[in-house]
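First the structure, in the form of structure tokens, and then the observations on it.
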Amino acid sequence: MHHSSLYSDDLPLYQISLRDQLLLRQLEESISKKFFQACDCISRSLLTSCHWYFSTNTGVLALEIVCHNHESYWFVQHALFQLGMTLTRFSTRPKSIFIHPKVKENHGV
């Protein structure tokens, strides 16, 4: 049997409680509201043209943006710097922005 040299507090959590999941979701929603309010009008317009949300699954604040078409994907890519600058107001830890193009649905073979 392998024993870890880390204290139990330093080991990764494999399951979080339902209460912790709820608190995490509330945190993500709160950050989303504040982030949107902190954005300039161009960034807000871009965000409203996409599906976006925050996740903190890995302990890193991540802005996830799903673009509905190539045009919005292009505009969001060109606004990355501004979005990143706004995001720095919300965490001193490392952060990420992920931009996802809309996945085409496969309608049979």
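Throughout, read-outs are computed from the coordinates displayed, never taken from laboratory work. The structure presented is a predicted model; accordingly, all values stated were derived computationally and were not measured. Heads up, the Cβs are rebuilt from the backbone with ideal geometry, glycines too, and the neighbour counts pull from every protein chain shown.
Can you list which of the GluC sites (Glu not before Pro) found in the range 15-109 are DSSP loop residues with at most 12 other C-beta atoms within 10 Å? Intermediate values should be presented prior to the final figure.
On the way: sites: GLU28, GLU29, GLU64, GLU71, GLU105; in loops: GLU105.
For GluC sites (Glu not before Pro) across the range 15-109 that sit outside H, G, I, E and B with at most 12 neighbouring Cβ atoms in 10 Å, the list reads GLU105.
Toward the positive end of the charge dipole of the range 16-101, about the Cα centre and with charges on Cβ (Lys, Arg +1; Asp, Glu -1), which of ALA62, PHE90, PHE75 goes farthest?
After comparing all options, I get PHE90.
Once amide H atoms are built 1.01 Å from N in the peptide plane, which residues 5 or more positions from TRP52, or in another chain, come under 5 Å H to H?
Amide H to amide H, under 5 Å and 5 or more residues apart or across chains, TRP52 pairs with VAL66.
What order do you get for PHE81, PHE36 when you list them from fewest to most C-beta neighbours inside 10 Å? Mind dumping the intermediate values first?
Numbers: PHE81 8, PHE36 14.
Final ranking by Cβ density, sparse to dense: PHE81, PHE36.
Between ILE97 and HIS70, what FRET efficiency comes out of the Förster formula 1/(1 + (r/R0)^6) with R0 = 25 Å and r the beta carbon distance, rounded to 0.05?
Efficiency, from the Cβ-Cβ distance: 0.85.
For PHE36, project a label point 7 Å along Cα to C-beta. Then give me every residue of the range 59-77 with its amide nitrogen under 19 Å of that point.
Counting only backbone N, you get 62-69, 72-73, 76.
If r is the Cβ-Cβ distance from ARG25 to SER49 and R0 is 25 Å, what FRET efficiency results, to the nearest 0.05?
0.55
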